[in-house]
1. Can you name the residue in segment 123-140 that is closer than 15 Å to residue 73 by Cβ and among the hydrophobic types (A, V, I, L, M, F, W, C) and, of all such residues, is surrounded by the most Cβ atoms within 10 Å (Cβ to Cβ)?
2. For segment 36-88, how many residues meet the condition of being within 15 Å of residue 161 (Cα to Cα) and of a type in the set (Ser, Thr, Tyr)?
3. Go over the candidates 20, 15 one by one and state the one that is modelled with pLDDT under 90 and of a type in the set (A, V, I, L, M, F, W, C).
4. Looking at this structure, is residue 124 under 15 Å from residue 81 (Cβ atoms) and outside any loop (DSSP other than H, G, I, E, B)?
5. Here's a check for you: in segment 141-176, which residue that is free of Cβ contacts under 8 Å to residues at least 60 places away in the same chain and surrounded by 15 or more Cβ atoms within 10 Å (Cβ to Cβ) is farthest from the chain's Cα centre (by Cα)?
6. From the list 84, 96, which residue is of a type in the set (Phe, Trp, Tyr) and in contact (Cβ under 8 Å) with a residue 24 or more places away in the chain?
7. Condition first: more than 25 Å from residue 48 (Cβ to Cβ) and surrounded by 17 or more Cβ atoms within 10 Å (Cβ to Cβ). Now tell me which residues in segment 86-104 satisfy that.
8. Considering segment 170-197 alone, what residues qualify as being of a type in the set (Val, Ile, Thr), modelled with pLDDT of 90 or more and in a loop (DSSP other than H, G, I, E, B)?
Amino acid sequence: MTVTADMAVSLDGYVAGTGVSIDNPGGDGAEPLFEWIHNLASWRERQGMTGGEDNRDSELMREWFDATGAVVMGRMMYDTGEEFWGDNPPFRTPVFVLTHRPRPTLVKEGGTTFTFVTDGVHSALDQAKAAARGKNVDIAGGASTVQQYLREGLIDELQLHVVPALLGDGLRLFEGVGTGQRSVEQVRVVETPLATHLKYRFVR
């Protein structure tokens, strides 16, 4: 079992724009970070849509989706996505939401459940590992949640999709994070016209 994180990042190192809020989760000017994924066949399939490009980018997304057995996310990501995801969210796995506000577990269509965890990042990860049935646990975001897990040294593999766009300002993934004295090894580099896909493994 591997704990993963998968993030789009601009060429100048930002994973979100400025002014991130519950009403603006990606921040101002962050659209180029995410536009490339919206027409991929694997992403559209997960959203309950048809069509899309079945290219190398789509293959990488499908690989990530298929390997994931449970997900951890922050409350802001949940709150901003709840209405958009509807009754059949795209995760199709157990999802554990970090929060300070308790809420009963929600059971959705397609295999997605949302469990709200109030006792911290380690508890959420332990519950996700138990639910993943040997598959990977993905730390889905938002950026601050991924940062918390990086600070704690709990992420094993990090995949970055470097998009050819310059944001100029915003939220940097590695700002004040450090690596807990761990070294990093490069696992894979895949270049496409849409992004350069980089996968790294943290070595304990």
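1. Among those that are closer than 15 Å to residue 73 by Cβ and among the hydrophobic types (A, V, I, L, M, F, W, C), it is 137.
2. 1
3. The conditions single out 20.
4. Judged against the criteria, residue 124 is not a match.
5. 151
6. 96
7. 98, 99
8. Answer for segment 170-197, where residues must be of a type in the set (Val, Ile, Thr), modelled with pLDDT of 90 or more and in a loop (DSSP other than H, G, I, E, B): just 192.
The values are calculated or read from the model by the stated rules, or taken from the named source; none is laboratory data. Here the structure is a predicted model, which means the values were calculated and not measured. Positions of Cβ are generated from backbone atoms using ideal geometry, with glycine treated the same way; all protein chains shown enter the neighbour counts.
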